[in-house]
Amino acid sequence: MIEGILIGLNTALSLQNIIIVMIGCFAGTIIGMLPGLGPMTAIALMIPITYGFDPASGLILMAGVYYGAVFGGSTSSILLNAPGVPGTVATAFDGYPMAQQGKAGKALAIAAYSSFAGGTISAIFLLIAAPSLSKISLSFRSPDYFALMMLGLTAVSAFSSKGQFLKAMMMVVLGLMLASIGQDSLSDISRFTFGNMNLSDGISFVLIVMATFAMSEALTIIFRGKDPNRAAKQISLTELGSIKVNKEETIKMAKTIPRSSILGFLIGVLPGAGATIASFLAYGMERNYVSDEEKEKFGKGSVHGLSAPETANNAACSGSFVPLLTLGIPGSGTTAVMLGALLGFGIQPGPRLYQTNPEIFWSVIMSMYIGMVVLLILNLPLIPYIARILAVPRNFLIPLILFFSITGIYLMSFNNFDIYLMIGIAVVATFLRLYEFPMPPLILAFVLGKLIEENLRRSLLISDGSFSFLWDRPLTLIILLITIGIVGWQIYRSLIRK
Amino acid sequence: MRISPTKFISLLFFIFSAFYLYTAHQIVVFTFDENAPFNARTFPIYLGWAGILISGLIIILPEKIKIEVNHKHLDYKSIIYLILISIIYGAVILKIGYFLSTSLFLIASYYFLGERRWLWMFLLSFPFVAIFMFLLHGVLNIYLRDPLLQYLGIIG
């Protein structure tokens with residue numbers, strides 16, 4: 001492991017990669033800060049730029065963007081009470097009241113220190129857990145993978161559905177249908193192409209991500225522009241106050257950080273759960289741990305209340321890399337986007353990545369940590385200046401997002417068909433968003449579509465067409481029972497419970 | 001009878017799934033693969049049925065959470081303009097090249113979204129695209145097809 005860490009450090013600490021991670025963190029912070037645009041959009045917008053890099057540098061850029069976007073989301077939560085990402089909603093509960101009390105700088109500093117500490121602790125967990133899990137996951141067979149992917153899709157649907165599980169499952173099926181377009185991977189038979197040569201290679205993953213996230217988010221912001229409930233709030237960005245944290249506040253953070261880190265990491269590892277659930281659970285847990293006097297301060301600018309969700313959401317980000325790096329199965333929409341990018345580089349994440357491409361495996365882990373250091377050292381002091389991006393009028397912002405989206409597709413194929421297809425999918429996605437059909441399950445299903453079909457094919461061929469592979473191996477059975485449990489619970493919740 | 005938007009979208013997906021299922025059955029597989037436990041049409045057929053089942057359930061089951069969207073608050077005009085500009089951009093990008101079409105796309109988008117600060121509109125279009133192109137083409141060595149700039153000898 002030490003050798004691997006050194007390989008990773010060697011790659012991640014090259015001058016080029018340090019500059020890349022700095023740019024990534026900076027760009028991620030800016031994009032993540034903009035309400036409505038989260039890490040998925042930030043990473044999606046960066047994909048075309050990574051074409052010019054080698055795989056390790058490309059992934060380092062995306063890891064930097066990811067952490068930057070999460071940090072940026074906290075900034076808009078604290079300054080505007082407008083979380084850039086769902087994972088930072090809980091941050092606003094105490095961060096925004098602190099900002100209203102004239103302590104915005106302090107709130108941002110507490111958020112940054114907590115994120116850094118949470119990220120550091122979880123990076124150590126990741127360092128220990130990932131290689132061990134990689135070795136265990138070598139014993140996984142096709143039926144186990146199939147079951148695990150079904151669990152991932154079900155879990156993401158359950159957690160992102162806001163009580164509307166069937167809608168999320170509908171998006172899963174739509175994602176799988178979109179993934180089935182193009183040539184069958186084994187027989188090369190064309191499916192659903194209707195004689196159109198542009199579809200013979202299937203729909204590109206970048207196109208789907210750009211359309212359903214970057215472009216449709218931009219269109220949604222414009223579409224809902226007249227909604228008085230969604231009008232952008234403005235605060236004075238010139239007076240953020242001091243970013244110094246006193247001794248008493250440091251002691252409070254020191255108590256909160258360890259427990260929130262552990263919780264966040266464990267939640268992050270679970271498929272589908274991710275930063276949002278982790279931050280809410282950490283907030284709730286912290287409220288139960290503190291004294292009655294401190295409990296009263298929750299929602300009014302509590303240090304514990306701000307530190308807990310910030311620590312947990314960053315820890316969960318690291319945790320979500322565990323299933324991606326060790327099993328090759330993303331546990332969240334964001335890691336699904338990263339999986340798509342990895343596949344674009346010709347790298348198949350999974351247990352063998354640790355052996356075949358150790359420099360990628362370790363440099364991604366190392367660059368996450370470097371990203372967090374960059375966020376703390378560079379971004380925090382620059383926050384008063386970076387925050388001015390919130391004042392950029394949407395009249396400029398939206399066309400620029402559209403420009404990046406269309407450019408991304410143009411660079412890939414140099415053909416009009418893909419641009420039209422992206423616009424069409426973005427328009428459909430905008431209407432689906434309007435009626436709260438979640439997009440992360442669609443992305444995850446699209447990314448996993450080919451892998452699910454491949455593993456189902458192998459499982460069925462091995463069992464000679466019998467579905468007994470679902471219960472032949474105890475591991476497959478256990479995973480499927482958990483999946484059925486989630487489906488049953490969700491249906492119970494949406495039908496029987498009021 | 002008034003059908004809720006969620007159920008209407010589900011009904012459209014139900015029809016789409018039925019069409020998908022029909023098309024899945026039409027996939028031509030190799031003769032020797034016809035009776036194999038798994039062939040090119042197996043997975044799409046499962047997906048078609050899954051789509052019909054899930055959308056059917058949404059249509060049939062009572063709607064516990066109703067999504068209300070006030071259409072008076074939706075800015076249809078701007079979004080139609082933006083989509084049209086994007087389509088035109090897609091249509092001309094190959095013909096007139098990346099630099100000119102992108103710069104014009106940006107200026108048009110700013111204008112239709114209500115922006116009238118011409119200096120900013122200019123700075124965030126032509127010079128901005130030029131810098132972006134330089135970063136992609138010159139620094140990152142990412143090929144950018146632009147027949148106009150190639151004709152003018154600005155890029156190779």
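Points worth noting:
- Volume of the Cα convex hull of the stretch B:73-151, divided per residue and given in Å³: 99 Å³
- Electrostatic tally near A:Ala111: other residues with Cβ closer than 15 Å to its Cβ, Lys and Arg +1, Asp and Glu -1, net 0.
- Anisotropy class of the stretch A:358-498 from Cα gyration tensor, a/c 1.5 cut: prolate
- Computed from phi, the 3J(HN,Hα) profile of the stretch B:40-50 under the Karplus parametrisation 6.51, -1.76, 1.60 (θ = phi - 60°) reads 4, 9, 4, 5, x, 5, 4, 5, x, 5, 4 Hz, with x in place of Gly and Pro.
- Taking the stretch B:73-151 and dividing mean pair separation by its residue count, relative contact order in percent (alpha carbons under 8 Å, at least six apart): 35 percent
- Local electrostatic count at B:Phe8 - Lys and Arg +1, Asp and Glu -1, tallied over other residues with Cβ under 15 Å: +1
- Relative contact order %, chain A, counting alpha carbon pairs below 8 Å whose residues are six or more apart: 28 percent
- Rg/Rh, computed from the Cα trace of the stretch A:319-432 with Rh as the Kirkwood radius, has the value 1.05.
- A simple count of charges around A:Tyr145, restricted to other residues whose Cβ falls under 12 Å of its Cβ and scoring Lys, Arg +1 and Asp, Glu -1, yields +1.
- Distance cut-off 22 Å, percentage of C-alpha pairs in the stretch A:1-97 lying past it: 36 percent
- Cα centroid separation - the stretch B:79-156 against the stretch A:290-338, whole Å: 39 Å
- Anisotropy class of chain B from Cα gyration tensor, a/c 1.5 cut: oblate
- Percentage, to the nearest whole number, of Cα pairs in the stretch B:5-60 over 12 Å apart: 64 percent
- The packing ranking of peptides A:303-314, B:12-23, highest mean first, is A:303-314, B:12-23, where packing means the average number of other beta carbon atoms within 10 angstrom of each residue.
- When only alpha carbons are used to place a centre, the stretch A:419-498 and the stretch B:1-64 end up 14 Å from one another.
- Taking each residue as 0.36 nm, the span from A:Asn246 to A:Gln101 lengthens on full extension beyond its C-alpha to C-alpha distance by 50.6 nm.
- Acute angle (nearest 10 degrees) that the helix B:98-112 long axis makes with the longest principal axis of chain B, alpha-carbon atoms: 80 degrees
- The simple Förster model, with R0 at 30 Å and r as the Cβ-Cβ distance, assigns A:Ile2 and A:Val373 a FRET efficiency of 0.90.
- Contour excess over end-to-end distance, with Cα ends at B:Ile3 and B:Ile15 and 0.36 nm allotted per residue: 2.7 nm
- 10 Å Cβ shell holding at most 13 others, DSSP loop, chymotrypsin sites (Phe, Trp or Tyr not before Pro): longest site-free stretch of chain A: A:195-466
- Enclosed volume per residue, in Å³, of the convex hull spanned by Cα atoms of the protein assembly as shown: 166 Å³
Computed from the coordinates by the stated procedures, all read-outs in this text should not be read as laboratory data. Computed from a prediction, not measured in an experiment: that's the story for all the values here. No Cβ is skipped: glycine too gets one built from the backbone with ideal geometry, and neighbour counts run over all protein chains shown.
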